[in-house]
1. Can you give me the long-range amide H partners of Leu29? Hydrogens built in the peptide plane at 1.01 Å from N, cutoff under 5 Å, separation of 5 or more residues or another chain.
2. Would you kindly work out the equivalent ellipsoid of the stretch 1-91 from its C-alpha gyration tensor and give its semi-axes, the square roots of five times the eigenvalues, largest first in whole Å?
3. Using 1/(1 + (r/R0)^6) with R0 = 30 angstrom and r between the beta carbons of Glu16 and His43, what's the FRET efficiency to the nearest 0.05?
4. At 7 Å along Cα-to-Cβ for each site, give me the label-to-label distance between Lys59 and Glu33 in nm.
Amino acid sequence: MATATEEIPVLVTSQEKERIAKLADDAGLSMGEFLRPAAESFHPEDEDALLGMIDQLLKTTARTSEAIDGALEFVDVSTKRMAAFDLKPPCSWGWLVTAISSREP
């Protein structure tokens, strides 16, 4: 492996520096050893692909939410229609009850 001889100054906040230093220390690495692999593994096209997936997820979620809202509205209308049907029977069955109860065994 080649000897590292070049510096890349990177400005970070004090909170970011503390967090990076702790992560490096927890891994038993210097900050440079910790950051080099992270920088090497960064690929902007991966981020573009991820952003595309997030965009698709948001669109799919919106369509799913609309479909659920439509289904709930359908169920609500159907429930009201069934309740109205229960309140108004299509015919009276009292004559049948009378006929059955008046029969001789």
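1. Amide H neighbours of Leu29: none.
2. Calculated on Cα positions only, the semi-axes equal 62, 16, 10 Å.
3. Taking R0 as 30 Å, the efficiency between Glu16 and His43 is 0.90.
4. 4.6 nm
Only the coordinates and a few stated rules stand behind these numbers; no lab work does. What you see is a predicted model; the values in this text were computed from it and never measured. Virtual Cβ from ideal backbone geometry, glycine too; neighbours counted across all protein chains shown.
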